[in-house]
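J.: One structure coming up, written as structure tokens, with questions to follow.
Computed from the coordinates by the stated procedures, all read-outs in this text should not be read as laboratory data. These figures come from a predicted structure and were not determined experimentally. Using ideal geometry, Cβ is built from the backbone for each residue, glycine included, and neighbour counts are taken over all protein chains shown.
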Amino acid sequence: MITVPFIITASLLFRKYSRKAYREVRNNVSEVNSYLSENLSGMKITQVFNQQDKKIQQFNKVNKNLQKSYIKEILVFGIYRPIIWLLSMVATILTVYLGAENILTGGGLSIGAFVSFYVFVGQFFEPIQQIAEQFNTLQNGFASAEKIFDVLDTKPDIEDEEDAIELNEFKGSIEFKDVWFSYIPDEWVLKGISFKVNPDETVAFVGATGSGKTTILQLIVRNYDIQKGEILIDGIHIKKIKRSSLRKFVGQMLQDVFLFSGTVKDNITLFDDSISDERVIEASEYVGLNHVLNRLPDGLNHEVRERGNNFSSGERQLISFARAVVYKPSLMILDEATANIDSETEAIIQESLKKMMNISTMLIVAHRLSTIQHSDKIIVMHKGEIKEMGNHQDLLKRKGLYYNLYQLQYDNQEVIESV
Ligand SMILES: Nc1ncnc2c1ncn2[C@@H]1O[C@H](COP(=O)(O)OP(=O)(O)O)[C@@H](O)[C@H]1O
Ligand SMILES: [Mg+2]
């Protein structure tokens, strides 16, 4: 019985150190995994910039950390198990020694009692040894469970307010009232933005990169909460509307179109089987995606590879147009893709944009001013502020920022066409 406190002490110490060791192992395993996944998908960039040696060094470093933490874990367990074993030996030897002494000096202990005591000590320690083995597995499990609970306990940045309402209908009116917003405290990205969009209107945002156009679109689907001012959706404060119900009415066509693994059709219907093939074909023709599909041997059933990298960015944008048309949202949000659009796809995109403006309310960030000439309202942004607002003709007459931008693109156009 003397050994019991030692066993408990050893176990408590083991618990503390082993949990720490396992936590380290888990963290390092995820470190190695994320390093691998990041670098395998970015392999081409590494090769283009000839950074292989540096990357290999970095990998060796995270790998070494993992190795170290594994060794530490084994070390902790390697000390604990022998200690338990040692304690059981000490107890056995003490029993034999004290028992034998008692019998030899005639202390009244019978040989039968001595033998059974000896057997009991063995039986007492056997389960303790076994528990010690399992304890190791248990600690491993606890460390993993901690990580899982960490993920489960992660709160979304933006939560619905308790009295948030379900939006049953969205006519498509949006109002910004003196909206101030920053991603990083005190670095204002939007400074006092006010504008109003009426149902079925098309409103375009133009301005240099970084002027805050994408940010405005993000705020309308409430990917972020604003710090000052008000955003009204059909006259209702945006924070009073359930986020999921808001998004039901919004079709987003963003700069980086995300495609899932599956067929082109799956990506248009978003795996909703209740959408008929006819509707998908109709939508594809409406947005001009059929020109792209005709080139593929299996059309709508063509497989989309991981993240859609077997489609050009223009083609991906067209797929997202078809997706939006199938779902007939009350509000369409479009952030025009800028990079890598071949002139043929570009012409198709322009054509289908013109048609889509008639479907519902549309907010569009356009880089080619020719796209947006027919919008009801054009908002010219500069460093987080609205500098000009009006339709194409009004803005040209003002001879301000928009006029200059237009001249610039117009001149380029002429140069390109005369070459
Ligand atoms: N997630 C983000 N975190 C921090 N800053 C951001 C983030 N997204 C955009 N920004 C910054 O906000 C400003 C406006 O960006 P953005 O709205 O994307 O401009 P635009 O679409 O007009 O090019 C830029 O200065 C940009 O660096
Ligand atoms: Mg942008």
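J.: In region 205-280, what is the volume of the convex hull around the alpha carbon atoms, normalised per residue and reported in Å³?
T.: 154
J.: Still on this structure, I have one more. Rg (Å, one decimal) plus Dmax (Å, integer) for the alpha carbons of region 174-418?
T.: For region 174-418, the Cα radius of gyration and maximum Cα-Cα distance read 18.5, 54 Å.
J.: Neighbouring Cβ atoms within 10 Å as the yardstick, rank Arg323, Arg243 fewest first.
T.: Fewest to most other Cβ atoms nearby, the residues stand as Arg243, Arg323.
J.: Oh, and also: If you average the sequence gap of Cα pairs under 8 Å that are 6 or more apart and divide by the length of region 174-418, what percent do you get for the contact order?
T.: Relative CO of region 174-418 lands at 26 percent.
J.: Right, here's the next one. With viscosity set to 0.890 mPa s and temperature to 25 °C, compute the Stokes-Einstein D of the chain, Rh being the Kirkwood radius across alpha carbon pairs; µm²/s, no decimals.
T.: 89
J.: For a quick check: with amide H placed at 1.01 Å from N, whose amide H comes under 5 Å from Glu388's, ignoring anything fewer than 5 positions away on the same chain?
T.: The list, which skips near neighbours in sequence, is Val380.
J.: Using a/c under 1.5 as the rounded threshold, could you call region 264-332 rounded, prolate or oblate? The axes a ≥ b ≥ c are square roots of the C-alpha gyration tensor eigenvalues, and prolate needs a/b larger than b/c, oblate otherwise.
T.: rounded
J.: Okay, moving on. Around Gly262, which amide H atoms from residues at least 5 apart in sequence, or from another chain, sit under 5 Å from its own amide H, with H modelled in the peptide plane?
T.: For Gly262, the qualifying residues are Val304.
J.: A follow-up question, please. Report, in listed order, any pair from Lys177/Lys383; Lys196/Lys248; Lys213/Lys239; Lys248/Lys355; Lys68/Lys155 with a Cα-Cα distance greater than 24 Å.
T.: Lys68/Lys155
J.: Additional query: Kindly put Phe6, Phe14 in sequence by how many other C-beta atoms sit within 10 Å of each C-beta, fewest to most.
T.: Listing Phe6, Phe14 from fewest to most nearby Cβ atoms yields Phe6, Phe14.
J.: Determine ³J(HN,Hα), in whole Hz, for all residues of region 374-381 in sequence, where each value follows from phi through the Karplus function 6.51 cos²θ - 1.76 cosθ + 1.60 and θ = phi - 60°; x replaces Gly and Pro.
T.: Running phi through 6.51 cos²θ - 1.76 cosθ + 1.60 with θ = phi - 60° gives 9, 5, 5, 8, 10, 10, 9, 9 Hz.
J.: I'd like to compare 189-196, 37-44: which one has the highest average count of other Cβ atoms within 10 Å, and what's the full order after that?
T.: 189-196, 37-44
J.: Here's something else I'd like to know. Determine the percent antiparallel among the DSSP beta bridges restricted to the chain, to the nearest 5.
T.: Approximately 50 percent, going by the DSSP bridge assignments.
J.: Enumerate the whole-percent occupancy of each 10 Å bin, from 0 to the last occupied one, for all C-alpha pair distances of region 172-306.
T.: 10, 32, 27, 22, 9, 0
J.: Taking Cα centroids, how far is region 301-327 from region 19-33 in Å?
T.: When both Cα centres are located, 38 Å separates them.
J.: Then there's this: Rule-of-thumb check for region 94-187: C-alpha Rg over 2.2 N^0.38 Å?
T.: So the Cα radius of gyration is 2.82 times the expected 2.2 N^0.38 Å.
J.: In whole angstrom, and with the biggest value first, how far do the Cα coordinates of region 4-153 range along each principal axis?
T.: If we take the Cα atoms of region 4-153, the spans are 89, 34, 19 Å.
J.: Within 10 Å of each residue's Cβ, count the other Cβ atoms and sort Arg305, Arg222 from fewest upward.
T.: Final ranking by Cβ density, sparse to dense: Arg305, Arg222.
J.: Tell me which residues come under 5 Å, amide H to amide H, from Gly229 once H is placed; ignore anything under 5 positions away on its chain.
T.: Amide H neighbours of Gly229, under 5 Å, 5+ apart: Trp180.
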